[in-house]
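Working notes, beginning with the structure itself.
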């Protein structure tokens, strides 16, 4: 089962990918994680990635395809892509690489969210500075005010890119850069949308319902 998760920052792709990874035994392929792992590996490709990143340049589509190709060789039960592709040429290159391996994408799932609600969701997030446990001003405060439920630490941090204006910029970047690939997958008949504004368990249920049709 090979799938792509799409959605703007804060839509919950990472959370859902981890749940699907555990449920189906899939390999999660996040572009950032792949680049960091390859860079740390010391391989020839990793050294090339390091040189590009150290120079402040973007890693080319060809290199990303090579990274994905190397990771999916060991993904016996399939993979989840998060963060790639972002453009139609990238989507086409991914399809070509998969075809060479006798593989294909089974489903592309977009987690849709309301921008205003997403801003509220992200702007309210904060985490424990010690263990990273997540909280929210409205939806999930610590049981004891100012004390982490997990480790008892008393310092919390907020991400700069969770500020309302930063979220608007990230949302707009997704709309302009990634949303254009939706018609590409729509035309292939493999695009499905789920309601990302539902609670986490309900979003998982929706995705599992979509994937159960593939498994059947």
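Values quoted throughout were computed directly from the atomic coordinates according to the rules given, and no laboratory measurement underlies them. Predicted, not measured: the structure shown is a model, and the values here were computed from it. In this analysis, Cβ positions are derived from the backbone assuming ideal geometry, glycine residues included, and neighbour counts consider all displayed protein chains.
Using only the Cα atoms, what convex hull volume per residue in Å³ does segment 144-198 have? Mind dumping the intermediate values first?
Details: hull volume 8.0 nm³, N = 55.
Per-residue hull volume (Cα only) is 145 Å³.
Residue 197 to residue 23: extension gain in nm, 0.36 nm per residue of separation minus the Cα-Cα distance? Walk me through the intermediate numbers first.
Details: separation 174, 0.36 × 174 = 62.64 nm, distance 2.18 nm.
Difference between extended and current length: 60.5 nm.
Against the chain, whose longest principal axis comes from its Cα atoms, helix 44-54 is set at around 50 degrees. For the chain, the longest principal axis of the C-alpha atoms and the axis of helix 200-215 are separated by about 20°.
Could you tell me whether segment 115-216 comes out rounded, prolate or oblate from its Cα gyration tensor? Rule is a ≥ b ≥ c as square roots of the eigenvalues, rounded for a/c under 1.5, then prolate if a/b exceeds b/c, otherwise oblate. Here segment 115-216 falls in the oblate category. Note: segment 80-175, Cα convex hull, 143 Å³ per residue.
Considered as an equivalent ellipsoid built on the Cα gyration tensor, the chain has semi-axes of 30, 22, 18 Å, the largest given first.
Note the angle between two axes, namely the Cα long axis of helix 88-100 and the longest principal axis of the Cα atoms of the chain, as a number of degrees from 0 to 90, rounded to the nearest 10. Taking the Cα atoms of the chain, the angle to 88-100 is about 60 degrees. Computing FRET efficiency as 1/(1 + (r/R0)^6) for residue 175 and residue 127, where r is the C-beta to C-beta distance and R0 is 25 Å, gives about 0.40.
With each label modelled as a point 7 angstrom along the Cα→C-beta vector, the residue 77-residue 160 pair spans 4.0 nm.
The alpha-carbon positions of segment 1-109 define a convex hull whose volume is 109 Å³ per residue. So if I take the centroid of the Cα atoms in segment 159-216 and the same for segment 64-108, what is the distance between those two points in Å? So the two Cα centres are separated by 18 Å.
The sum of -39500 (n - 2.57) across all DSSP H runs of n ≥ 4, divided by the residue count of the chain, sets its helix-only mean residue ellipticity at 222 nm to -15000 deg cm²/dmol.
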